[in-house]
1. What is the Cα convex hull volume of the stretch 17-236 when expressed per residue in Å³?
2. Scanning the chain for chymotrypsin sites (Phe, Trp or Tyr not before Pro) in DSSP loops with at most 15 other Cβ atoms within 10 Å, what's the longest stretch left with none?
3. Please report Rg (one decimal) and Dmax (integer) in Å for the Cα set of the stretch 103-145.
4. Treat each spin label as a single point 7 Å out from the Cα along the C-beta direction, and report the LYS238 to ALA202 distance in nm.
5. Helix-only estimate, please: 222 nm mean residue ellipticity of the chain, summing -39500 (n - 2.57) across DSSP H runs of length 4 or more and dividing by its residues, to the nearest 500.
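No value in this document is a laboratory result; all are computed from the given coordinates. Keep in mind it's a predicted model, so treat the numbers as computed, not measured. Note that we place each Cβ from the backbone using ideal geometry, even for glycine, and neighbour counts take in every protein chain shown.
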Amino acid sequence: MRARGDAIPHPADDPIVEARAVECSRSLGRQQPSAVRGVSLSVRAGERVWLCGPAGSGRTLLLHVLGLLEAPDAGEVRVEGRSLAGAGESERGAVRGRMFGFLFSAPYLLPDFSVAENIAMPLFKLGGSGPEEAEPTVQLLLQEAGLSRRAADPASGLGASEQWRVALARALVLEPRILVIEGAAAGCEESRDGAFRDLLEAAVTRRGLTLLCEAPVAPPGAERVVLLEAGRVISDSKGAVPV
């Protein structure tokens, strides 16, 4: 059962998220701006999609556009059939909070707050929950992440692998339908022995999530790989590339 609002009714075969002729240019903290140039891309519910390409290909910017972190300069993004063209940040933020969970390039935990408080923070800030209402969800996620014994510990005392586990639990706490992952998260230190990767796989499978990831190269066996170059899609392993 979803805790934060119901999905918008739409035909089962409609894309859960879709970009239509999207144009966007942003710096994203870099000296040279990144660009997405006329990209159209449809993602069905439950798909696991990797946006790949070299540095400067636009893969991170496209991920941010699809995740409603950036508004396109032209074209539109649709979520569950709903166009967000012209939507303000408040409207975009409401859809983003209801539909998406995020793992960024670093865990970005609040060091002075406990592990449980870090996981619960989206429930407090976006979900309108109090500590008592949030506790059952947080306890379940702590158990799944193997962090129940660290619940009251400050995040500042965690090791790198534990920080990533907290970040994943926090990304799942609002019960999103789409999990958005920047490349550094997918390749974090703990994944070298497969532990974090296994945890992520179990969480995605258990919840039937749609997965949007970006990285220079997709991992072996990736379900769908969309390759970008200079801001354009040049190949898609499960779809036609617009001319």
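1. Numbers: hull volume 27.1 nm³, N = 220.
Normalising the Cα hull of the stretch 17-236 by residue number yields 123 Å³.
2. Details: sites that count: PHE104, TYR108, PHE113.
Answer - 114-243.
3. Rg then Dmax for the stretch 103-145, in Å: 10.6, 31.
4. Roughly 2.4 nm, to one decimal.
5. Helices in the chain give a 222 nm mean residue ellipticity of -9000 deg cm²/dmol.
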